[in-house]
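Some notes on the structure that comes next.
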Amino acid sequence: MDYQYNQEIKNKSREKLIKHAIKSLTTKRKQSFLLTKEHFSKITDHFNSLLFSTKEWNELDFEFRNQYNWLFWGGKESWSKFYDSNCKPKSVNDLKVLYLSGPEPYNDIDVLCSNGIRLENIWAIESDKATYEKAVKSLVNAGIQIKIHRGNLSEFFELTNHEFDIIYFDACSPILSPQQSPLETLKQIFLNKRLSGLSALITNFAEPGDNYNWGEILAAWFGTRDSLDNPASDDEFGGIAEKTEFYKEYCQLINSHLPEYYDKFITSFIPTLGSEIIPMWQLTSLGSVQSNHLLNEQLLSKELKSIRSYECQADTTNDFIRNVQHFLLAIDAYPLLNWARIIRETFPKNHPLNIFLNSNRRKITIEDALYIGSLLKRFEEAQTGFKTFIYNVCGDKLKETMMALDFFDRHMRITCDTPMKNLLVELLIGLYGYPYIAHAGKNLSLKYKAKETSMYSNVFIFDQCRYLYDFMPTLDLWESFFQNLANQTIIRGCIDGIRRNHFQLNTSLFKWGFIEGVYGNEFGQAMLSDRVNLNDDI
């Protein structure tokens, strides 16, 4: 497709996207972290006020309560210094940027440099030989020296060691495209940690083409998720049960509201890819994690095959409920597992989503990782009598630790959410998987029409949240770490802030992690803004 690179509407979009990214990482940097020290202080003070007002707490030994206070204030001061070491300011001169060159690389360079980015910190990538030669010629004629590389973007991310504050991925194709493979590029960005600890990913995708049944593609995603994650039109159809029973009709509904669903898919899928999908794959493909906390490679592979091929045998309704896979009874409790399952069962092997899910790393595929991670997050269900398969992928040491640990206030019921064991699993995933978690309030979504094609542009501001994950020791030390109740309060404060500012992008991350609700109080939540159509201003 021949896109006009110098169109007024394209330039307007580029200007808005780049300015927002730079501002979020510099002058508004403090507010771009998912957790601020101000919120941490307010929410942990609130937690302690709830705790100190309970009968159970006041019946405890005075010395114990006094020690908690002493440990909490000392721990809070220490954590605050650790936070500062992870969340340092940056000026625009410090920002490193990568973008796709195209034949006219100066368009992006002009906007970047006029907003303070140094030429020395700019990389441009172009894979097509003729386009690359044209780009180099234009740079030579303009007397501009940047780093321009001819090659594949996915390979560049996979095999080089560069880290960027801003990556501008102007795919100019739909998010699923057999020719350009945008999913592979996104995968390599997160897998190889090519974004810095607080960073901006700018994406630009074309509207869906007619080469796929997009209703089926998007139904696999939205038909497995909490209704809060879905477009408004979803309310017309009903809940998970209706979507499962009338799947073809649900696909038709999506096709009739395709721009709305496609918009929402881009805005929710990319943050989930960075915060859950790739981190689960990172954790489970690590051989030492398999041997120490899961099962050895052969056993794990055998168990996963058994889970996928399991067929329920039942003569009565009660038998069916006891013996059917729990992830089929509670589909939205296992959204990523069921998304992967539907794709494998429904789409051809050469479909881009199946190719993506079959990406293999040390004999663990992304699909494998989504099964393992999703099952572990539902550890609470392991002893309910349902067919959960949780213990099938869980090693003895991990099982022992998970059964031994709980947040100390769990049965006191003092917070909005009762903290469940999924929080522990997600802390483990974060420790090893290095998630990138997007800030809903910092998301910028634009739409414009280039020639005859509508384009969907986003700026995602990602925070790696190492002020939480690196505060934790490794799993074998968790029991002693959790014995210090002040450590638990610090963790709860971090989780609350992260979830509060990510919630509108993905409700399943750190589920049951709120200390206080999001409505009717001073804490609130980050609000996701609607996509702005730039053509409306013309």
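Observations on the model:
- Filter pass, GLU59 being of a type in the set (Asp, Glu), under 28 Å from LEU198 (Cβ atoms) and out of contact with any strand residue (DSSP E or B) (no Cβ under 8 Å at 6 or more places or on another chain): no
- Here the helices (runs of 4 or more DSSP H) wholly within segment 455-538 that include at least 3 residues being β-branched (Val, Ile, Thr) and modelled with pLDDT of 95 or more are 485-502.
- Checked against the criteria, ASN107 counts as out of contact with any strand residue (DSSP E or B) (no Cβ under 6 Å at 6 or more places or on another chain), closer than 25 Å to ILE9 by Cα and either touching a residue at least 24 places away in the same chain (Cβ under 8 Å) or buried (at least 18 other Cβ atoms within 10 Å of the Cβ) (or both).
- Residues being under 12 Å from LYS377 (Cα atoms) and either modelled with pLDDT under 95 or not in a helix (DSSP H, G or I) (or both) - total across segment 403-438: 2
- Checking each residue in segment 117-168 for being out of contact with any helix residue (DSSP H, G or I) (no Cβ under 7 Å at 6 or more places or on another chain) and of a type in the set (Asp, Glu) picks out GLU120, ASP128, GLU133, GLU155, GLU163.
- Of the set (1) in contact (Cβ under 8 Å) with a residue 60 or more places away in the chain; (2) crowded, with 24+ Cβ neighbours inside 10 Å, all apply to PHE386 but (2).
- Among the residues listed as ILE43, ILE18, the single one being closer than 20 Å to PHE169 by Cβ and out of contact with any His (no Cβ under 6 Å at 6 or more places or on another chain): ILE18
- Residues that are of a type in the set (Val, Ile, Thr) and in a loop (DSSP other than H, G, I, E, B), drawn from segment 178-235: THR224
- Pair list, Cβ < 7 Å and 6+ apart or interchain, from segment 245-268 residues that are of a type in the set (Asp, Glu) to residues that are at pLDDT below 95: GLU260/PRO231; GLU260/SER233
- Hits in segment 5-38 - residues which are surrounded by 20 or more Cβ atoms within 10 Å (Cβ to Cβ) and part of a helix (DSSP H, G or I): LYS10, SER13, ARG14, LEU17, ILE18, ALA21, ILE22, SER24, LEU25, SER32
- Unique match (being surrounded by fewer than 17 Cβ atoms within 10 Å (Cβ to Cβ), hydrophobic (A, V, I, L, M, F, W, C) and either modelled with pLDDT of 95 or more or assigned to a helix (DSSP H, G or I) (or both)) among TRP70, TRP79, TRP57: TRP70
The values are calculated or read from the model by the stated rules, or taken from the named source; none is laboratory data. Keep in mind that this is a model prediction, so the values were computed, not measured. Here the Cβ is made from the backbone with ideal geometry for all residues, glycine too, and neighbour counts use every protein chain on show.
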